[in-house]
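Q: Quick one: the structure is below, questions incoming.
The values are calculated or read from the model by the stated rules, or taken from the named source; none is laboratory data. Source: prediction; values computed, not measured. Heads up, the Cβs are rebuilt from the backbone with ideal geometry, glycines too, and the neighbour counts pull from every protein chain shown. We work out accessible area using only protein heavy atoms, side chains counted, and drop any ligands, DNA or RNA first. Shrake-Rupley method; radii C 1.70, N 1.55, O 1.52, S 1.80 Å.
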Amino acid sequence: EGILSQLGQGNLTLLRRVIETNHQGNPSTAIKYISSHDETWVNHGGMSPTKRLGGAGNEFVRMKIRLAWAVMACTLGTPMMFMGIELMNDRGWDNDTGYGDLAWEPAAGDHGANFQLMIEHINELRNKHKALHGANIDQMLVHQDHDNGILAYKRWDSRGGVFLIIINISDNQ
């Protein structure tokens, strides 16, 4: 969250740390997440990641949450998000009521429905291409531009699959 919540060019040093982190030298065992149950749990002072970043009504916040999932799904490790975050709302998780009356299947065109569709497509891409998951993968930083908030990684596997992943965490297109 500290990586994406900064205005301007973001923090590439923190982003690199997240992208390059593995667990005991095994990249497939590192868990990368948008928000955990502890951070979203209202009963312990938590709130949804959209609310922490400024609210789901803010297009900037929604773009940052979408970027977070795309980055996690395309870098070393296992991507994870706490249930309900895909609904793209400002509610945290409550012990007694969960997310209350929130619809788990938002209407087509709703921010949550659009985010769910994006997650589905990225997950399909990740599952289809071995260079994006598993233990037989590698990654290498190929470009870093702190002035413009851009990182580029090359991902590949032992079967010849190759991806160039370009990440723009700046506020610019």
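Q: Could you tell me whether any residue of region 66-75 is touching a residue at least 24 places away in the same chain (Cβ under 8 Å) and not in a helix (DSSP H, G or I)? It would help to see each step written out before you state the result.
A: Initial filter on region 66-75 (touching a residue at least 24 places away in the same chain (Cβ under 8 Å)): 66-75.
The next check asks that each one be not in a helix (DSSP H, G or I); those that pass are 75.
Yes.
Q: Could you grab me the full set of residues in region 90-127 that are touching a helix residue (DSSP H, G or I) at 6+ places or on another chain (Cβ under 7 Å), open to solvent by 50 Å² or more (accessible area, probe 1.4 Å), outside any helix (DSSP H, G or I) and within 24 Å of Phe60 (Cβ to Cβ)?
A: Within region 90-127, Asp90, Trp93, Ala107 qualify.
Q: Which condition from (1) on the phi < 0 side of the Ramachandran plot; (2) of a type outside the set (A, V, I, L, M, F, W, C); (3) touching a residue at least 24 places away in the same chain (Cβ under 8 Å); (4) touching a helix residue (DSSP H, G or I) at 6+ places or on another chain (Cβ under 9 Å) is the one that Gly84 breaks?
A: (1)
Q: Select from region 132-147 the residues that are closer than 20 Å to Leu15 by Cβ and not in a strand (DSSP E or B) and write down the one among them that is modelled with the lowest pLDDT.
A: Taking region 132-147 as the starting set, the residues that turn out to be closer than 20 Å to Leu15 by Cβ are 132-133, 137-147.
Filter once more, so that each one left must be not in a strand (DSSP E or B): 132-133, 146-147.
Numbers: Leu132: 87, His133: 78, His146: 88, Asp147: 88.
Residue satisfying both the conditions and the ranking: His133.
Q: A further question follows. Go through (1) within 30 Å of Leu164 (Cβ to Cβ); (2) open to solvent by 40 Å² or more (accessible area, probe 1.4 Å); (3) part of a loop (DSSP other than H, G, I, E, B) for Ser35 and report which single condition fails.
A: (2)
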